[in-house]
1. Sort through ARG268, ARG244 and tell me the only one that's open to solvent by 20 Å² or more (accessible area, probe 1.4 Å), under 16 Å from ALA189 (Cβ atoms), touching a residue at least 40 places away in the same chain (Cβ under 8 Å) and not β-branched (Val, Ile, Thr).
2. Quick check on region 330-344. Is at least one of its residues within 23 Å of ALA62 (Cβ to Cβ), of a type outside the set (Gly, Ala, Ser) and out of contact with any Leu (no Cβ under 7 Å at 6 or more places or on another chain)?
3. Of (1) in contact (Cβ under 8 Å) with a residue 60 or more places away in the chain; (2) out of contact with any helix residue (DSSP H, G or I) (no Cβ under 9 Å at 6 or more places or on another chain); (3) more than 26 Å from VAL194 (Cα to Cα), LYS134 satisfies all except one. Which?
4. State all residues of region 12-40 that are among the hydrophobic types (A, V, I, L, M, F, W, C) and either open to solvent by less than 30 Å² (accessible area, probe 1.4 Å) or at pLDDT below 95 (or both); if no residue qualifies, say none.
5. Residues in region 154-168 that are under 30 Å from ALA29 (Cβ atoms) and open to solvent by 40 Å² or more (accessible area, probe 1.4 Å): how many?
6. Under 7 Å between Cβ atoms, at least 6 apart or on separate chains: pull out the pairs that start in region 175-189 with a residue that is closer than 28 Å to GLU216 by Cβ and end on any residue that is at pLDDT below 95 and among the hydroxyl-bearing types (Ser, Thr, Tyr).
7. Can you go through VAL325, VAL343, VAL364, VAL331 and tell me which one is more than 29 Å from the chain's Cα centre (by Cα), within 22 Å of GLN270 (Cα to Cα) and of a type in the set (A, V, I, L, M)?
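The values are calculated or read from the model by the stated rules, or taken from the named source; none is laboratory data. Keep in mind it's a predicted model, so treat the numbers as computed, not measured. Note: ideal-geometry Cβ built from the backbone for every residue, glycine included; neighbour counts use all protein chains shown. These area figures cover heavy atoms from the full protein model, side chains too; ligands, DNA and RNA do not enter into them. Shrake-Rupley method; radii C 1.70, N 1.55, O 1.52, S 1.80 Å.
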Amino acid sequence: MNIDLNLPEDRASPRPRRKSKRVWVGGTAIGDGAPVAVQSMCTTLTHDVDATIRQIELLQEAGCEIARVAVPDKRAGEALKEVVRRSILPVVADIHFDYRLALMALDAKVHKLRLNPGNIHNKDGVREVVKRAKEQKTPIRIGVNHGSIGDRQPGDLRDEAQRMVDLALSEIRILEDLDFDDIVVSVKAFEVPVMIAAYRRLAKAVPYPLHLGVTEAGTALAGSIRSAAGMSVLLYEGIGDTIRVSLSEDPVVEVKAGFDLLKSLGLRDQGLTLVACPSCGRADIDLIPLAKVAEERLRALPVPMKVAVMGCEVNGPGEAKDADVGIAGGVGKGAIFRKGKIVGTFPEDKLMDGLLAEIDKILVENGKEPYSQKAPKLSHEGQLTPGRSVPAGQRT
């Protein structure tokens with residue numbers, strides 16, 4: 001019996017990206033094969049321009065590619081010109097209900113509007129916004145959240161996912177009827193199965209790029225898991241052009257989680273990929289704080305690099321031999337290895353110095369500048385605790 005184990009759906013890589021219209025948000029392309037972009041939203045008051053710009057700079061340093069700001073009132077609208085002028089990232093204005101705020105955002109030359117035209121009761125205002133957006137080539141993201149679809153009416157037999165899709169389609173028709181198609185769409189829900197079903201259906205129904213998210217996902221740990229559970233399924237199927245990991249956290253954490261998600265699926269290859277074993281009773285080194293230190297010191301690596309932090313010789317150079325460089329723990333010391341081959345041994349308190357020195361060598365060998373002097377400093381001291389003094393096999 002012959003079985004073809006190399007069918008497209010069985011290959012160890014994401015499926016081909018869904019074809020969609022190309023949309024430009026400032027200088028960032030989304031859709032039509034462009035890399036999946038990571039977005040976040042500022043938590044600052046937009047009218048506090050200095051605070052907003054500082055947060056945008058921190059988001060950009062973490063890898064964010066598009067920043068959204070809230071525009072709830074006239075003060076925020078008036079601040080947009082300065083925010084857009086000073087922002088290192090494309091700026092999306094988040095508008096609800098008031099078309100006049102959308103016009104202020106367009107006056108400020110924002111790079112995208114997040115706007116549901118069906119929520120604006122002044123239809124002349126909608127027409128004016130869409131006309132201006134078309135003239136300025138400013139895309140509009142329609143954002144349907146499960147909580148905004150209203151109560152189910154008697155006799156409505158549609159499931160929740162279809163109700164979201166139908167609302168999104170009705171919003172899209174408003175724009176299309178005004179001859180506007182520079183559109184991005186999202187259908188976010190807290191319940192992961194509802195969110196997945198909605199995006200799958202929408203992906204078949206429209207040609208526009210899709211922004212993925214699990215809304216109100218939660219705090220850092222629970223929210224990241226819930227977001228990954230929903231978005232990874234869709235991204236692996238080729239669905240999704242931008243993502244936001246929505247967390248009750250510093251938005252920098254959202255960006256880091258988003259990039260880790262994309263790197264885990266092989267959709268982005270950028271900066272540090274940290275491989276670290278979970279530690280166990282075999283470990284002869286204090287692995288968990290060492291891995292945290294490595295992640296913090298190496299997070300600004302300028303080139304893609306896989307770095308391993310392994311607790312012992314069992315899970316050391318052999319198991320992590322595909323890593324570019326790494327640490328294998330010993331008794332109060334550790335070995336530095338490259339592609340599975342040991343290149344040096346250091347006491348535990350010098351391991352990070354040894355690892356950074358080896359990374360510098362790799363960079364210089366590839367025509368790049370050394371990294372160690374530019375590496376972020378530890379945010380607090382004392383993370384590395386003394387190594388275990390008793391070998392694993394002799395412990396009682």
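1. Matching residue, one of ARG268, ARG244: ARG244.
2. To start, the set of residues in region 330-344 that are within 23 Å of ALA62 (Cβ to Cβ) comprises none.
Looking for residues that are within 23 Å of ALA62 (Cβ to Cβ), of a type outside the set (Gly, Ala, Ser) and out of contact with any Leu (no Cβ under 7 Å at 6 or more places or on another chain), one finds none in region 330-344, hence no.
3. (1)
4. To start, the set of residues in region 12-40 that are among the hydrophobic types (A, V, I, L, M, F, W, C) comprises 12, 23-25, 29-30, 34, 36-38.
Hits for region 12-40 are ALA12, VAL23, VAL25, ALA29, ILE30, ALA34, VAL36, ALA37, VAL38.
5. Looking only at that region, the number is 2.
6. Every condition considered, the pairs that remain are LYS188/THR215; ALA189/THR215.
7. Details: VAL325 fails: more than 29 Å from the chain's Cα centre (by Cα); VAL343 fails: within 22 Å of GLN270 (Cα to Cα); VAL331 fails: within 22 Å of GLN270 (Cα to Cα).
Criteria check complete, one pass: VAL364.
One line per residue, one yes/no per condition, for (1) closer than 14 Å to ILE239 by Cα; (2) of a type in the set (D, E, K, R); (3) modelled with pLDDT under 95:
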{"site": "ASP177", "(1), (2), (3)": "no, yes, no"}
{"site": "VAL185", "(1), (2), (3)": "yes, no, no"}
{"site": "PRO207", "(1), (2), (3)": "yes, no, no"}
{"site": "ALA217", "(1), (2), (3)": "no, no, yes"}
